[in-house]
Structure formats: structure tokens, C-alpha cells
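Below: the structure, in C-alpha cells.
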């Protein structure tokens, strides 16, 4: 699950088998880089400076 509108809950979490990713507000330069090539997704939360 990828969400980007909830500004208060930036982060990565897991709910049972679902990976939850919220990079935060793009207008603040926040984004997520998600690689899906492996069995386990690699997720990085980044920010444009």
C-alpha cells in the first residue's frame, strides 16, 4: 500500500502481509524509492533538497 497524502504519518510499516509506505507530501520534496526485483521490496524514503 502506497500513500502520500497523510502528512502526519510519514514512514514504513507492516500490517500482517501488507507493506505500508507513506513518503509524506511531495510538495515538501518527499518521495519513496521502491525496488520490487527481490522477494522482499527494498524501500527508501528520500527528500529533494
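Quick note: the coordinates plus some simple rules give every number you see, no bench work behind them. Owing to the predicted nature of the structure, the values given are computational and were not obtained by experimental measurement. Every residue, glycine among them, receives a Cβ derived from its backbone with ideal geometry; neighbour counts consider all protein chains shown.
Note down all Cβ pairs under 7 Å where the first residue falls in the range 5-18 and is closer than 12 Å to residue 30 by Cβ, the second is assigned to a loop (DSSP other than H, G, I, E, B), and they're at least six residues apart or on different chains.
Note: pairs meeting the criteria are 7/24; 7/25; 10/23; 10/24.
Please note which strands (runs of 3 or more DSSP E) are completely contained in the chain and include at least 1 residues that are at positive phi.
Of the strands (runs of 3 or more DSSP E) lying wholly inside the chain, those with at least 1 residues that are at positive phi span 11-15.
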